[in-house]
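**Q** Quick one: the structure is below, questions incoming.
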Amino acid sequence: MFDTHLHTSFSCDSRMDYNQAISAAQKLGIGIIITEHLDLDYPENPEEFVFDFNEYFSVLGPLRQEDKLLLGLELGLCAECAEKNRQLIKGWPFDEIIGSIHVVDGIDVYSPAYTLNGEKKPVYGRYLAAMAECVRDFDDFDTLGHVDYICRYAAYSDQNLYIDDFYAEWSAVCAELSRKEKALELNTRRFDDKTAVASLLPLYRRYRELGGKYVTLGSDAHRAENVGRGIAAAWEIAESIGLKPVYYKERKMFFDRR
């Protein structure tokens, strides 16, 4: 079983050494896909979420093992940088590419300012609309990452994303994923919050209703103690909805196994 989303010190927001990640995975008996951040034209500091591909593959390439360690990328999707993304990643031997929405309309979703100056419904609605646009217009990713990313940092008393409030917007995302046969990540970062998990389940059921079949399971770990966090629970959720856990090697889909 693979934890398909985690970051080491190649990402600016992680201090976890790759050896720590590998050791943590070995203790758990799982495989990992290291997926470092690449967000071009990031607000305020365009170079913050960029790393050296040459160094990455030179250091980690020799450690790659089929059932234990694969090398991926978490790619920040945005309409303005779509072509630059295509050109930059072309030809590099990534196993898996996660497409994630971190920036909307040139604003960092991580920043509390993103949600402080607007009401929840239009703010979340625009976030999902941007997500649907990126999935529609960009093909070079394998799985759509942490759809509830905005909920982590939102300045609302109830941060959860409820399908009843955004049925059309979320359905548009799911329809594009299904049409392109892309996976949807089941990110476990907020699994400690039962209300968060409860709000996520209908989103994944809707993805299944619209023809979606596959999920990747990712902890989004930035520390060794979080590697593999919630992966077993995510597997059970996926199976209960009828979704198949998968991972990617050399950009090809493989069924996960326990």
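**Q** Please go through (1) in a loop (DSSP other than H, G, I, E, B); (2) modelled with pLDDT of 95 or more for I34 and return the number of the only condition it doesn't satisfy.
**A** (1)
**Q** Can you give me the number of residues within the range 209-258 that are within 26 Å of P93 (Cβ to Cβ), out of contact with any strand residue (DSSP E or B) (no Cβ under 7 Å at 6 or more places or on another chain) and outside any loop (DSSP other than H, G, I, E, B)?
**A** 2
**Q** Can you confirm whether K180 is out of contact with any Pro (no Cβ under 7 Å at 6 or more places or on another chain), touching a residue at least 40 places away in the same chain (Cβ under 8 Å) and surrounded by 18 or more Cβ atoms within 10 Å (Cβ to Cβ)?
**A** For K180, the condition - out of contact with any Pro (no Cβ under 7 Å at 6 or more places or on another chain), touching a residue at least 40 places away in the same chain (Cβ under 8 Å) and surrounded by 18 or more Cβ atoms within 10 Å (Cβ to Cβ) - is not met.
**Q** Filter the range 231-253 for residues that are of a type outside the set (A, V, I, L, M, F, W, C) and farther than 14 Å from G31 by Cα and give the result.
**A** E236, E239, S240, G242, K244, E250, R251, K252
**Q** Scan Y56, Y162, Y114, Y149 and give me the residue that is modelled with pLDDT under 95 and not β-branched (V, I, T).
**A** Sole residue among the options that is modelled with pLDDT under 95 and not β-branched (V, I, T): Y114.
**Q** Out of the range 177-208, which residues are under 20 Å from V135 (Cβ atoms) and assigned to a loop (DSSP other than H, G, I, E, B)?
**A** E181, K182
**Q** Here's a follow-up. Kindly establish whether E47 is among the acidic types (D, E), at pLDDT below 95 and closer than 17 Å to K249 by Cβ.
**A** No; evaluated as a whole, the condition is false for this residue.
**Q** Which ones in the range 19-58 are among the hydroxyl-bearing types (S, T, Y) and touching a helix residue (DSSP H, G or I) at 6+ places or on another chain (Cβ under 8 Å)?
**A** Within the range 19-58, S23 is the sole residue that qualifies.
**Q** Related question: Against the definition (at negative phi and of a type in the set (D, E, K, R)), how does E181 come out, yes or no?
**A** no
**Q** Just to confirm my filter: which helices (runs of 4 or more DSSP H) fall fully inside the range 59-174 and include at least 3 residues that are in contact (Cβ under 8 Å) with a residue 40 or more places away in the chain and surrounded by fewer than 17 Cβ atoms within 10 Å (Cβ to Cβ)?
**A** Per the criteria, 82-89, 120-137.
**Q** Find all pairs meeting these conditions: Cβ atoms under 9 angstrom apart; at least six residues apart or on different chains; first residue within the range 35-57 and over 14 Å from F94 (Cα atoms); second residue among the small types (G, A, S) and surrounded by fewer than 16 Cβ atoms within 10 Å (Cβ to Cβ).
**A** Close Cβ pairs (under 9 Å, with a partner that is among the small types (G, A, S) and surrounded by fewer than 16 Cβ atoms within 10 Å (Cβ to Cβ)) amount to D41/G106; P43/G106; P43/S111.
The values are calculated or read from the model by the stated rules, or taken from the named source; none is laboratory data. A quick note: this is a predicted structure, and the numbers were derived from the prediction, not measured. Every residue, glycine as well, gets a Cβ built from its backbone with ideal geometry; the counts of neighbours run over all protein chains shown.
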